[in-house]
Amino acid sequence: MTEWLNVGKIVNTHGIRGEVRVMSSTDFPEQRFKKGSKLALFKGEQLVQQVKVTNHRTHKNFDLLTFEGFPTINDVEPFRDHLLKVEKTDLNELEENAFYFHEIIGCDVFSTTGEEIGRVTEILPTGANDVWEVTPTKGKKHYIPYIEQVVKSVDPSEKKIVIEVMEGLLSE
């Protein structure tokens, strides 16, 4: 069974020449949306069809895309609110200590002393470094910065992260 990963959402059309406005959810928009890229359109969990990118540009924090065979606004109007996804097998290798969001979300977080802290439920990009939202079984969520001083090991295959608990890091 094919596993799909979300790379953006079509939020509107743009102009009359078949362009769609995409709110990107990928760290690599220039790669994901480059001319010739194949993307899948999903309505909810349902695969609608696959499309091929013919043009990509950015405009006011959005990615604007056109697809092969869809030259007018009328052709792309039905795509509004559809998700754009890529096959998991199309992912590129990342550099060392870099991870895809789907590899981190769902990992269990432990302290260096073995205490269970919670599970990563969301990743918040901040510009400087990502912050991982960790939800314990009871109590308030914790926000862990993805920095070398705090995150000591990440093992996506074991779904396990070990952190150094610095003073004031965990909210009580």
| Looking at region 120-149, which of the residues that are under 18 Å from the mean Cα position of the chain (by Cα) and in a loop (DSSP other than H, G, I, E, B) is surrounded by the fewest Cβ atoms within 10 Å (Cβ to Cβ)? | Gly127
| note | Val76 passes all but one of the listed conditions (1) assigned to a loop (DSSP other than H, G, I, E, B); (2) over 18 Å from the mean Cα position of the chain (by Cα); (3) in contact (Cβ under 8 Å) with a residue 60 or more places away in the chain; the exception is number (1)
| query | Got at least one residue in region 45-64 being in contact with a Gly (Cβ under 9 Å, 6 or more places away or on another chain), in a loop (DSSP other than H, G, I, E, B), modelled with pLDDT of 95 or more and crowded, with 17+ Cβ neighbours inside 10 Å? | reply | no
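Select, from Leu84, Leu41, the only residue that is under 29 Å from Val11 (Cα atoms), surrounded by 13 or more Cβ atoms within 10 Å (Cβ to Cβ), touching a residue at least 40 places away in the same chain (Cβ under 8 Å) and more than 15 Å from the chain's Cα centre (by Cα).
Residue meeting the stated conditions: Leu41.
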| query | Do we find that Glu95 is farther than 30 Å from Lys152 by Cα, at pLDDT below 90 and not assigned by TED's automatic domain parsing to the domain that holds Glu148 in this structure? | reply | no
| request: Take Asp130 and decide whether it is under 26 Å from Glu3 (Cα atoms), free of Cβ contacts under 8 Å to residues at least 60 places away in the same chain and not basic (Lys, Arg). | output: yes
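Do you know which residues across region 150-161 are outside any loop (DSSP other than H, G, I, E, B) and over 22 Å from the mean Cα position of the chain (by Cα)?
Lys152
The values are calculated or read from the model by the stated rules, or taken from the named source; none is laboratory data. Computed from a prediction, not measured in an experiment: that's the story for all the values here. A quick note on method: Cβ atoms are made from the backbone with ideal geometry, for glycine too, and the neighbour counts reach across all protein chains shown.
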